[in-house]
Amino acid sequence: MVERIVARSADITETASRYRTIHNQCGNTKLTCHFEGPPITETYVTKGFLCGTYAGSTNDSHFVYTKSGRGTLTCHVNGNG
């Protein structure tokens, strides 16, 4: 089940109920996606995985999928490399 949830996160912006991208003057980008899926038996949390965005790729990432089926994916891309 966990692998399926993580695999689904790759296309999250395609199915997200809402998402937001914030850019600051330093060139940093924060992508946050909120979505809903089927309920699961145990809340799943992971971080530090490769997250690809149009602003670049990063391992500064965090993913939470709750028992109720709500999820949040956050990725921080450092504009200074």
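Results, tabulated for the structure shown:
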quantity	calculated
Filter result for Thr58 (modelled with pLDDT of 90 or more, in contact with a Lys or Arg (Cβ under 6 Å, 6 or more places away or on another chain) and among the polar types (S, T, N, Q))	no
Considering residues of segment 23-33 that are surrounded by 13 or more Cβ atoms within 10 Å (Cβ to Cβ) and out of contact with any strand residue (DSSP E or B) (no Cβ under 6 Å at 6 or more places or on another chain) only, the residue modelled with the lowest pLDDT	Gly27
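Conditions tested, residue by residue: (1) of a type in the set (A, V, I, L, M); (2) part of a strand (DSSP E or B); (3) loosely packed, with under 12 Cβ neighbours inside 10 Å; (4) at pLDDT 90 or above.
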{"position": "Thr21", "(1), (2), (3), (4)": "no, yes, no, no"}
{"position": "Phe35", "(1), (2), (3), (4)": "no, yes, no, no"}
{"position": "Thr41", "(1), (2), (3), (4)": "no, no, yes, yes"}
{"position": "Phe49", "(1), (2), (3), (4)": "no, no, no, yes"}
{"position": "His62", "(1), (2), (3), (4)": "no, yes, no, yes"}
{"position": "Gly71", "(1), (2), (3), (4)": "no, yes, no, yes"}
{"position": "Thr74", "(1), (2), (3), (4)": "no, yes, no, yes"}
{"position": "Asn80", "(1), (2), (3), (4)": "no, no, yes, no"}
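The values are calculated or read from the model by the stated rules, or taken from the named source; none is laboratory data. Note that the coordinates shown come from a computational prediction; the quantities given were computed from them, not determined experimentally. Cβ atoms come from the backbone with ideal geometry, glycine included; neighbour counts cover every protein chain shown.
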